[in-house]
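Here the structure is laid out as structure tokens; the discussion comes afterwards.
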Amino acid sequence: MTKTIKILSIDGGGVRGIIPAMLLAEIELLIGRRISELFDLIAGTSTGGILALALTKPGANSEPQYSASDLIKLYEEKCEVIFPKKKWSKIQAISRFIETKYPSEGIDSVFEEYFGSARLKDALTDVLVTSYDFERQCPVFFKSSEARKSPDLDFFMKDAARATSAVPAYFEPFKLETKGITEYYALLDGLIFAGNPAMCAYVEAINTYPEAKDFLVVSLGTGQAKHRQIYEEVKEWGLLQWGRNLLDMVLHGTTVIVNHQMRHLLPTVGDSTRYYRFQTKLDRANEQMDDTDPANIRTLKLLAEEMIRENRQQLDYLCNKLTK
């Protein structure tokens, strides 16, 4: 097989998903084609999983229902439904540390609106979405390729989206009823093990295309946190402080190590780049994944625009490769 297998991977990060959505909209604008037409596999975790599913959801005449620009609007218009703001009383402030931060009704309604009755088998290109079963203590991958082969694995897209975005402490775990002896999955956000799902996507592509000789991986980040923890501060932390910060540390750690691994597995050969990583620093935006303030959303968009400008030449090279 001489065809280059093209893979898109999108990190987790809540509202910061508007950053990769902006870059994908730029790619669609430059090439004049939808993202699902440019890649053989699209993978995502959490907000990246939502994007992966939405980009591959068919609309009328089997065309992609959503452009990347449409999904920018998702973050602008629906994030406050997913992460509703509350005025906290003292009792509510205390219970916040006991119960999940947000009810699931908002996020469920958004997924119902965007995905409806679409199923994994309907995806216009192969899609892989990560989640984690905490009862079985193992990863769960929602794959359109498996859904086409087995009706038992053909879940609704909205359920895959809910599973991959069940962020611990933010939303309650997602119980996904299944057929057969499995009965159900008890699922958490895939960022537990794959904040950056590029390695998962690359392994999936190798297994799917065992005769392929060349792979192109495009990995999109949702912003690198600016705040660094200092030993003198951290050493005195108790359970509450660790609970607040551990998830961000896990997300950053897995993202960085996967980026390191992919650069070694797919090194640049001559003038041929096989691994592209687009990431920005959150030096002016709030790194919290649930900050839906319009000013913060605006800042995230400006950071994405800046990243696109600074990587213009690299982006042009990539678009050229995607159209070959």
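The values are calculated or read from the model by the stated rules, or taken from the named source; none is laboratory data. The structure displayed is predicted, hence computed values, not measured ones. Glycine gets a Cβ as well: all are built from the backbone with ideal geometry, and neighbour counts include every protein chain shown. In case anyone asks, the SASA skips ligands and DNA or RNA and just uses the protein heavy atoms, side chains included. Shrake-Rupley method; radii C 1.70, N 1.55, O 1.52, S 1.80 Å.
Structure above, values below:
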read-out: Evaluation of TYR102 against (1) surrounded by fewer than 18 Cβ atoms within 10 Å (Cβ to Cβ); (2) at pLDDT below 95 (one fails), failing number; value: (1)
read-out: Candidates TYR185, TYR170 - the one that is within 30 Å of PRO84 (Cβ to Cβ) and not in a loop (DSSP other than H, G, I, E, B); value: TYR185
read-out: Qualifying residues in region 135-163 (those that are among the acidic types (Asp, Glu) and assigned to a helix (DSSP H, G or I)) - the one surrounded by the most Cβ atoms within 10 Å (Cβ to Cβ); value: ASP159
read-out: Any pair with Cβ under 7 angstrom, 6 or more apart, that starts in region 65-80 at a residue that is free of Cβ contacts under 8 Å to residues at least 24 places away in the same chain and ends at one that is crowded, with 18+ Cβ neighbours inside 10 Å; value: GLN65/LYS57
read-out: Answer residue from region 102-132, given it is acidic (Asp, Glu) and closer than 18 Å to THR47 by Cα and is farthest from the chain's Cα centre (by Cα) among those; value: GLU105
read-out: Neighbours by Cβ (under 8 Å, 6+ apart or cross-chain): first from region 222-237, touching a residue at least 40 places away in the same chain (Cβ under 8 Å); second among the charged types (D, E, K, R) and outside any loop (DSSP other than H, G, I, E, B); value: THR222/ARG16; GLY223/ARG16; GLY223/LYS281; GLN224/LYS281; ALA225/ASP248; LYS226/LYS281
read-out: Where a residue in region 284-297 is over 22 Å from PRO103 (Cβ atoms) and its partner, wherever it lies, is of a type in the set (Val, Ile, Thr) and open to solvent by 20 Å² or more (accessible area, probe 1.4 Å), with Cβ under 7 Å and at least six apart; value: ARG284/THR299; ALA285/THR299
read-out: Unmet requirement for LYS57, which otherwise passes all of (1) in contact with a Lys or Arg (Cβ under 8 Å, 6 or more places away or on another chain); (2) in contact (Cβ under 8 Å) with a residue 40 or more places away in the chain; (3) more than 25 Å from TYR317 (Cβ to Cβ); (4) surrounded by fewer than 24 Cβ atoms within 10 Å (Cβ to Cβ); value: (1)
read-out: Out of PRO197, PRO210, PRO173, sole residue that is under 22 Å from GLN137 (Cα atoms) and open to solvent by 50 Å² or more (accessible area, probe 1.4 Å); value: PRO173
read-out: Within region 213-324, helices (runs of 4 or more DSSP H) holding 3 or more residues that are open to solvent by 90 Å² or more (accessible area, probe 1.4 Å) and farther than 19 Å from SER9 by Cβ; value: 231-234, 239-265, 294-310
read-out: Tally of residues being small (Gly, Ala, Ser) and out of contact with any strand residue (DSSP E or B) (no Cβ under 8 Å at 6 or more places or on another chain) across region 1-48; value: 5
read-out: Test result for LEU216, in contact with a Ser or Thr (Cβ under 6 Å, 6 or more places away or on another chain), among the aliphatic types (A, V, I, L, M) and on the phi < 0 side of the Ramachandran plot; value: yes
read-out: Conditions (1) touching an Asp or Glu at 6+ places or on another chain (Cβ under 9 Å); (2) open to solvent by less than 20 Å² (accessible area, probe 1.4 Å); (3) modelled with pLDDT of 95 or more; (4) within 19 Å of GLU105 (Cβ to Cβ); number of the one not met by VAL167; value: (3)
read-out: Among (1) assigned to a helix (DSSP H, G or I); (2) under 29 Å from ASP291 (Cα atoms); (3) in contact (Cβ under 8 Å) with a residue 40 or more places away in the chain - the single one LEU30 does not satisfy; value: (2)
read-out: Any chance SER62 is closer than 20 Å to LEU124 by Cβ and either modelled with pLDDT under 95 or in contact with a His (Cβ under 9 Å, 6 or more places away or on another chain) (or both); value: yes
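Residues are listed down the side, and each one gets a yes or a no for (1) out of contact with any strand residue (DSSP E or B) (no Cβ under 9 Å at 6 or more places or on another chain); (2) under 27 Å from MET199 (Cα atoms):
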position: TYR275; (1), (2): no, yes
position: LEU282; (1), (2): no, yes
position: ALA285; (1), (2): yes, no
position: ASP291; (1), (2): yes, no
position: GLN314; (1), (2): no, yes
position: CYS319; (1), (2): yes, yes
